[in-house]
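Enquirer: So that we are looking at the same thing, I have put the structure below in structure tokens.
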């Protein structure tokens, strides 16, 4: 625990992601899926993402309610298409929620340390390491560019961006591409200077180990599948 927030091992979060994808491809019943989603929402609340946890639970319950209401109507073309769209959202929501939980509550260094403990091949760890650090940097650069544009009164609103596509390309995408190129070069130089390509075993300041809460999460998920799987 850190500052009253629950900290799970990244391997446990990876396990939750695998379970979410398993539910997507294999229908094990609405009860199992609903219990898994509510369990994820509880984990989000305990990890300091209370607002997302509550909104996720409310959204999923609303989707189930609307789905039952749609199924109660006659299956005309309109209701069939609407039911298909709702089912699509219902099936993908556990994956989205598990992915949000995994990637917003885990540092890049923790992912790297976990992959090293799982003995991932180096040709997988290195691209993922650069990728995890690349997109947050590009996102920060995008916000800096947008703030500079707003300060100068250029494309202040989303409507302005859509209304003037050529200015959008000139003032947003061109600087963003230049910034992304420099970011990629900086990340490559930083990785090489830290000996990322060295054939020897790498050490890490980040220590990831299974704690009691990790075993409780694994046990809870396996219990849910044992008791309600397929129902």
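Only the coordinates and a few stated rules stand behind these numbers; no lab work does. Since we're looking at a predicted model, the values are computed, not measured. Here the Cβ is made from the backbone with ideal geometry for all residues, glycine too, and neighbour counts use every protein chain on show.
Enquirer: Can you tell me which of 206-212, 111-117 comes out highest on packing, and rank the rest after it, using the mean Cβ neighbours within 10 Å?
Expert: Details: 206-212: 12.4, 111-117: 19.4.
Packing proxy ranking, top to bottom: 111-117, 206-212.
Enquirer: If you bin every alpha carbon distance in the range 110-193 into 5 Å steps from zero, what whole percent lands in each bin?
Expert: 3, 13, 19, 17, 13, 10, 9, 8, 6, 2, 0
Enquirer: Using a Förster distance of 30 angstrom, determine the FRET efficiency expected from the C-beta separation of residue 24 and residue 123, and round it to 0.05.
Expert: Details: r = 28 Å, r/R0 = 0.92.
Approximately 0.60, to the nearest 0.05.
Enquirer: Right, something else. Compare the peptides 118-124, 11-17, 216-222 by average per-residue count of other Cβ atoms within 10 angstrom and give them in order, highest first.
Expert: Working: 118-124: 10.0, 11-17: 20.1, 216-222: 14.7.
Per-residue mean Cβ counts within 10 Å order the peptides as 11-17, 216-222, 118-124.
Enquirer: How much of the calculated P(r) for the range 5-73 lies past 16 Å, in percent of all Cα pairs?
Expert: Working: 1316 of 2346 pairs.
Cα-Cα pairs in the range 5-73 separated by more than 16 Å: 56 percent.
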